[in-house]
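Trainee: Take this structure first; my questions come after.
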């Protein structure tokens, strides 16, 4: 993997890309990369400059980026925005380059936008589910790829509604060290399971797996249709809410997939059952509506 050396002078001239406050980010800044070298600048790259470019976390990122780069052609998944070069300054690796996707929106911001209909959001979530199918298929080539920290803000959409996965230095590939994953860490239910399906280390960080990716994807789906953070509710409330969805006409396959999350059975990709979501009931799937009916004892 090629390393680009950037001088302090060049670094000071780079234009920073503002990241919306809603997009959780504590590890890096993004810049438009302009070096004065036409062949490089024509590639339309960004610099992801890590705040603390040293220690175990940085070493893990460098390993991950190198693995992604080595296997990019073999994986052949256009939605994955894989880092191109390492970037050094005064002999220290400070980050890496990625292709500048001409994005018009962030998936997370779109899913949380009240002006976007639930039906439109479901169509976007299909794109994410189909991407997960592709990464699961990599197992057939003996490539172990897991998003690990799979959440909606790590995906971008272009004007044609194509989906792109960014921030891939946090993925798990083969045997790199596990990093914190947003939805599993939030889940009150996961913390009380026996650890057979979702294994964690002594620090409470979950080991990457397809089951973990599908857990996070399922939480994104449920959060979207419920307009609520379902990952934070307890097990009894979770089962009650899924029963409520069944009462609205959600099919047995998609509700079964959601119930499987907290069993020892392998998770299913819910995208295969999106046609079991009754379009006319999407707006009534709100957690607030469910809670209101429960208080009025119209649903138990």
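Trainee: On C-alpha positions alone, give me the angle between the axis of helix 235-248 and the longest principal axis of the chain, in degrees, nearest 10.
Mentor: 70
Trainee: For Kirkwood radius over Cα pairs in Å, one of (1) 20.7; (2) 19.2; (3) 19.7 was computed from the structure I shared and the rest are decoys. Which label?
Mentor: Only one option fits the structure, namely (1).
Trainee: Over segment 3-99, calculate the relative contact order: mean separation of alpha carbon pairs under 8 Å at least 6 apart, over the residue count, as a percent.
Mentor: 33
Trainee: May I ask you to derive the relative contact order of the chain, considering only C-alpha pairs under 8 Å and at least 6 residues apart, and to give it as an integer percent?
Mentor: Contact order relative to length: 15 percent.
Trainee: List the relative contact order of segment 105-203 as a percent without decimals, with contacts defined as Cα pairs under 8 Å and 6+ residues apart.
Mentor: In percent, rounded to a whole number, it is 27.
Trainee: Go through 197-204, 258-265, 238-245 and give me the packing order, highest mean Cβ count within 10 Å leading.
Mentor: With the highest mean Cβ count within 10 Å placed first, the list reads 238-245, 258-265, 197-204.
Trainee: Shape verdict for segment 20-74, please, from the Cα gyration tensor: rounded (a/c under 1.5), prolate (a/b greater than b/c) or oblate.
Mentor: It is oblate, given that a/c is not under 1.5 and a/b is not larger than b/c.
Trainee: Also, I was wondering about something else. If R₀ is 30 angstrom, what is the calculated FRET efficiency for the pair residue 105 and residue 43, using the beta carbon separation as r and rounding to 0.05?
Mentor: Calculated value: 0.80.
Trainee: Can I ask one more? How would you rank 181, 218, 141, 66, going from fewest to most other Cβ atoms within 10 Å of each one's own Cβ?
Mentor: Lowest count first: 141, 66, 218, 181.
Trainee: Cut-off 13 Å, label point 7 angstrom out along Cα-to-Cβ of residue 70: give me the residues of segment 132-149 whose amide nitrogen falls inside.
Mentor: 143-144
Trainee: While we're looking at this one, here's another question. Using Cα centres only, tell me the gap between segment 265-279 and segment 6-23 in whole Å.
Mentor: Their Cα centres are 41 Å away from one another.
Trainee: I've got another one for you. Report, in degrees rounded to the nearest 10, the 0 to 90 angle that the Cα long axis of helix 118-137 makes with the longest principal axis of the chain.
Mentor: 60
Trainee: May I pose another question? Rounded, prolate or oblate: which one fits segment 65-107, using the alpha carbon gyration tensor with axes a ≥ b ≥ c (rounded when a/c is under 1.5, else prolate when a/b beats b/c, else oblate)?
Mentor: oblate
Trainee: Could you tell me whether segment 3-99 comes out rounded, prolate or oblate from its Cα gyration tensor? Rule is a ≥ b ≥ c as square roots of the eigenvalues, rounded for a/c under 1.5, then prolate if a/b exceeds b/c, otherwise oblate.
Mentor: Taking the square roots of the gyration eigenvalues as a ≥ b ≥ c, segment 3-99 is rounded.
Trainee: Nearest 10 degrees is fine. How inclined is helix 210-226 to the longest principal axis of the chain, computing both from alpha carbons?
Mentor: Helix 210-226 sits roughly 60 degrees off the main axis of the chain.
Each value in this text was obtained by applying a stated rule to the coordinates, not by laboratory testing. As the structure is a prediction and not an experimental result, all values here were calculated from the model. Every residue, glycine as well, gets a Cβ built from its backbone with ideal geometry; the counts of neighbours run over all protein chains shown.
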